[in-house]
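I have placed the structure first, in the form of structure tokens, so that the comments after it can refer back to it.
The values are calculated or read from the model by the stated rules, or taken from the named source; none is laboratory data. Everything numeric in this text was worked out from a predicted model, so none of it was measured. Heads up, the Cβs are rebuilt from the backbone with ideal geometry, glycines too, and the neighbour counts pull from every protein chain shown. Surface accessibility is based on the protein's heavy atoms, side chains included, excluding ligands, DNA and RNA. Shrake-Rupley method; radii C 1.70, N 1.55, O 1.52, S 1.80 Å.
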Amino acid sequence: MLQVRSGRATSRTTLAKALGISPSTTGLYVDHLIAEKYLNESGLNQGPMGRPRRILSTQAEAGWFAGLEFNAQRIQAVGVDFSGSLKMTVELPLPAEVMAEQVIKSILTCVARLAEAMQGPLLSVGLGVPGLVDAHAGVGLYYAFIPDWNRVPVADEIGSKLKVPVILQNNLRAIALAERWFGLGHGLNDYVILGPRSGFGVAIVQDGRLIEGSHHAAGEVGRWPWPLMGGAGDGKELHHALSAPATWRRLAGADGLAKLPEDLRAGLAAVSDSAGPEWEAVCADYARVIGLLHIIIDTGVFILHGPLTMLGERFCQSITNTAIELMPALREGGLKIVPSTLGDDAGALGAASLAMEAWSPA
């Protein structure tokens, strides 16, 4: 199903090659999936040689997937049909000092709103959960901005109410899947998501696989000491300097306690033409971190997410140029940084991608 949905396989022949199994076995599975109304086979596709091939596609109305991502301020939700097309979005603000129980209830409210507009049965729910996550156990381990978010059995809480599988992942890793299905990561096996939002972290895809780490903390670079040459006990971490709010304050010339603009994206867009020492200092800080990451990981591309995408390609290119100046070894290392095009729905789309990738026919 994933091969057909992604467009990598468009016929029984290309599907057999993609899966590395015999055409006869592939044909048996395809026949079952057509009978269950998950696949269509129609039309003729004439290649440059040989006989015309019938075209495989998914049945969009076979069901739908819900994807939800949240933080301490709001829930973003999307409904995606069986073919992977976005059909509906819902955003629900959360009350100040929200607690875990209210988050669970609000997630269920968002799914109910999506269901009013979607066709077919709900097949699976994906959740992009902030903080540390045990994806295999379906548990949200810890998130600093929701006071009682500590070992919350999210998958069981939601699944028991909706009676469908619930798959969860750290929200930044979910965004990596959004790029695979809906964005710049399509067709790539190696890339890194940069996530300077309320904190700073990265999500790593290597050989087509999300990297979680032995302790569910791969990519938590926001916990690095800052500055990188700082001594023990300095008390600051990387996310204090490189989060989206911290970056806006630096570029806007505001002090560390200055009130953020009501629309942080608009505030960052307003300083996107900045120049001078502070712009250079911000780019240099990002260059050190991303350059070091690239030397370690050697990825294909870094994809910038969150409010800092409003600083545009100029910001990404400035970081790249500075990183190469600081670390000449990167000149031949293929360092590439690009802003994502997915916008605010990225986390929810990633959560829906989780659900799509995990689902299989009964």
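A few points about this structure:
- Looking only at the range 14-37, residues that are assigned to a helix (DSSP H, G or I), open to solvent by 60 Å² or more (accessible area, probe 1.4 Å) and over 27 Å from Phe182 (Cβ atoms) come to 6 in all.
- Members of the range 308-341 that are open to solvent by 70 Å² or more (accessible area, probe 1.4 Å) and either touching a Pro at 6+ places or on another chain (Cβ under 8 Å) or among the β-branched types (Val, Ile, Thr) (or both): Glu313, Thr341
- Residues being touching a Lys or Arg at 6+ places or on another chain (Cβ under 9 Å), touching a residue at least 40 places away in the same chain (Cβ under 8 Å) and among the aliphatic types (A, V, I, L, M) - total across the range 280-318: 3
- Residues in the range 262-273 that are open to solvent by 40 Å² or more (accessible area, probe 1.4 Å) and either part of a loop (DSSP other than H, G, I, E, B) or in contact with a strand residue (DSSP E or B) (Cβ under 7 Å, 6 or more places away or on another chain) (or both): Glu262, Asp263, Asp273.
- Single residue of the range 188-210 satisfying the filter (part of a loop (DSSP other than H, G, I, E, B) and open to solvent by 40 Å² or more (accessible area, probe 1.4 Å)) that is modelled with the lowest pLDDT: Ser198
- Here Tyr38 meets each of (1) without any contact (Cβ under 8 Å) to a residue 24 or more places away in the chain; (2) on the phi < 0 side of the Ramachandran plot with one exception, condition (1).
- Residues of the range 120-149 satisfying the condition of being open to solvent by 10 Å² or more (accessible area, probe 1.4 Å), touching a Phe, Trp or Tyr at 6+ places or on another chain (Cβ under 7 Å), in contact (Cβ under 8 Å) with a residue 40 or more places away in the chain and part of a loop (DSSP other than H, G, I, E, B): Gly120, Tyr143
- The number of residues in the range 53-88 that are among the hydrophobic types (A, V, I, L, M, F, W, C) and part of a loop (DSSP other than H, G, I, E, B) comes to 2.
- Matching residues in the range 162-210 - criterion: being touching a residue at least 24 places away in the same chain (Cβ under 8 Å), among the charged types (D, E, K, R) and more than 17 Å from Val139 (Cβ to Cβ): Glu179, Arg180, Asp190, Arg197
- Checklist (1) closer than 30 Å to Ala137 by Cβ; (2) out of contact with any Phe, Trp or Tyr (no Cβ under 8 Å at 6 or more places or on another chain); (3) not polar (S, T, N, Q) applied to Ala258, failing item: (1)
- Cβ-Cβ under 7 Å pairs, at least 6 apart or on other chains, the range 227-238 side more than 16 Å from Arg288 (Cβ to Cβ), far side surrounded by 11 or more Cβ atoms within 10 Å (Cβ to Cβ) and modelled with pLDDT of 75 or more: Asp234/Pro225
- Selected residue [open to solvent by 10 Å² or more (accessible area, probe 1.4 Å), over 30 Å from Tyr29 (Cβ atoms) and touching a strand residue (DSSP E or B) at 6+ places or on another chain (Cβ under 9 Å)] from Leu94, Leu68, Leu86: Leu94
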